[in-house]
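Chemist: Below: one structure in structure tokens.
Since every read-out is calculated from the coordinates, none of them should be taken as a lab result. Only a predicted model underlies this, so the values are computations on that prediction, with no experimental measurement involved. Quick reminder, even Gly has a Cβ in these numbers, built from the backbone with ideal geometry, and neighbours come from all protein chains shown.
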Amino acid sequence: MWLKYKSWFAYLALLILVTCLTIWCLLLNPQSLPLFLSTIIIALGFAAVIRLFPKYRQRFIKKLIEYQDKSQKKGGLLFRYGKIFFPVMLITLTVFSLVARDNPAILDIPYVPYLVFVVFIAFLISFVTFISGFLRGYGKWGLIIIGIITALTFLRIMISRHL
């Protein structure tokens, strides 16, 4: 039974972990609750549109399958290892940042700068594999999306510094 449903168990475990961490962070930072709720409302609206309109759902699924096929054909090693490396790095960075935030004395250990450097390098490798797979799948549209996200992030940083 485990082999038949192992991906479902992995998804369920990841969903439980993300839910628990989200609830924990919202309990510690109640000021971010409106932003979180607005994100959930947008996601539920997207899910409702996809569920209620079969034409949009079919187009969305078709685009996802095309993207996955392109990524698998062009990806090679980056596609194969990037799918594993990116979630592992995301979990590692989340756990490390939560531990460092809750216990700042851990940063005084002499070998922590080397650990941070190794985690940073591994994160950069993971980021490069993700971006290269994204660009291979979407091409020029991927560059446009990355440019828009970069511009929005830059504007958000600039606005928060002036407030």
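Chemist: Mind jotting down the distance between the C-alpha centroids of the stretch 1-40 and the stretch 88-136, whole Å?
Modeler: When both Cα centres are located, 20 Å separates them.
Chemist: Taking the Cβ of each residue in 161, 156 as the centre, tally the other Cβ atoms inside 10 Å and list the residues starting with the fewest. Can you show the working numbers first?
Modeler: Details: 161 7, 156 10.
So the residues, fewest neighbours to most, are 161, 156.
Chemist: Which of these, 40, 146, 50, has the largest mean-square fluctuation under a Gaussian network model of the chain (Cα springs below 10 Å)?
Modeler: The residue that fluctuates most here is 40.
Chemist: Of the options 117, 107, 159, report the single residue whose Cα projects farthest towards the positive end of the charge dipole of the chain (beta-carbon charges: Lys, Arg +1; Asp, Glu -1).
Modeler: It is 159, whose Cα lies furthest towards the positive end.
Chemist: Once both labels are modelled 7 Å past Cα along the beta-carbon direction, what's the residue 24-residue 94 spacing in nm?
Modeler: In this crude label model, residue 24 to residue 94 measures out at 1.0 nm.
Chemist: On a straight-distance basis, which lysines could pair with residue 70 in a cross-link, Cα separation under 22 angstrom, same-chain partners fewer than 8 positions away excluded?
Modeler: Cα-Cα hits under 22 Å: 62, 83, 140.
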